[in-house]
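The values are calculated or read from the model by the stated rules, or taken from the named source; none is laboratory data. Just so it is clear, the model here is predicted, and its values are computed rather than measured. Every residue, glycine among them, receives a Cβ derived from its backbone with ideal geometry; neighbour counts consider all protein chains shown.
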Amino acid sequence: MKKTSLILLIMCCCFASCKQEKRVEIIYQECLYNSLSDKGESLKRYAKGFEMHLIALNILKDSSAQSYYNIYKSIANGKHYPTHYKYSYIDSINKIEQYKINPNNKECLKYINSLEHYNDSKIAKINKVQFLLDEKESNNKFSEKVTKILPIMEVKDFELDYYKHKTFMFIYFSFLSKDLLLFNE
């Protein structure tokens, strides 16, 4: 009996430690996709189209997570990307029910902020770093902000749509002023 109880206790501990909360980035992206009438299919299609365009321009080497991570590293090193492309990601996403995207995005952001495990998430850590930089440094450059955020990131994070979308925004806004708020829309 003791042996069986001990085995059950060990199994329960293993299952409990292996149980993972769903990543906040996935919850956010699902929330945003579900808020759109086509469940985000247009947004996914535009993102894939822009990704292919960036690959054709040799800005992205390929569609791998490592290639996206390298974009962040290059921005941290001061690289600025062109702001005009034959394929405008910004114009494309602005076509998607714009009257819905902004309010729905805010609702999704409020929702993820209310999650119990939000404070332990990478999004929260990145937002905290961003907020502190904006509070303390009045003339910080975009590349300096990315430099502070990069250690929080891992290559595998860029397998998620959320970070791919943010990479496109980083590329687009890499030339903008010190007041750009990363990850806050």
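Is it the case that region 99-121 has a residue that's surrounded by 12 or more Cβ atoms within 10 Å (Cβ to Cβ), modelled with pLDDT under 75, among the small types (Gly, Ala, Ser) and more than 18 Å from Tyr33 (Cβ to Cβ)? Taking every residue of region 99-121 in turn, none turns out to be surrounded by 12 or more Cβ atoms within 10 Å (Cβ to Cβ), modelled with pLDDT under 75, among the small types (Gly, Ala, Ser) and more than 18 Å from Tyr33 (Cβ to Cβ). The set of residues in region 32-47 that are in a helix (DSSP H, G or I) and surrounded by 13 or more Cβ atoms within 10 Å (Cβ to Cβ) comprises Leu32, Tyr33, Ser35, Ser42, Leu43, Lys44, Arg45, Tyr46, Ala47.
With the requirement that a residue be at pLDDT 50 or above, assigned to a helix (DSSP H, G or I) and either among the polar types (S, T, N, Q) or in contact with a His (Cβ under 9 Å, 6 or more places away or on another chain) (or both), what does region 1-31 give you? Once the filter is applied, which keeps residues that are at pLDDT 50 or above, assigned to a helix (DSSP H, G or I) and either among the polar types (S, T, N, Q) or in contact with a His (Cβ under 9 Å, 6 or more places away or on another chain) (or both), region 1-31 yields Val24, Gln29. Taken over region 143-178, the criterion of being modelled with pLDDT under 85, part of a helix (DSSP H, G or I) and either among the polar types (S, T, N, Q) or exposed (fewer than 14 other Cβ atoms within 10 Å of the Cβ) (or both) is satisfied by Ser143, Thr167. In region 58-87, of all residues being aliphatic (A, V, I, L, M) and closer than 14 Å to Phe168 by Cα, the one that is modelled with the lowest pLDDT corresponds to Ile75.
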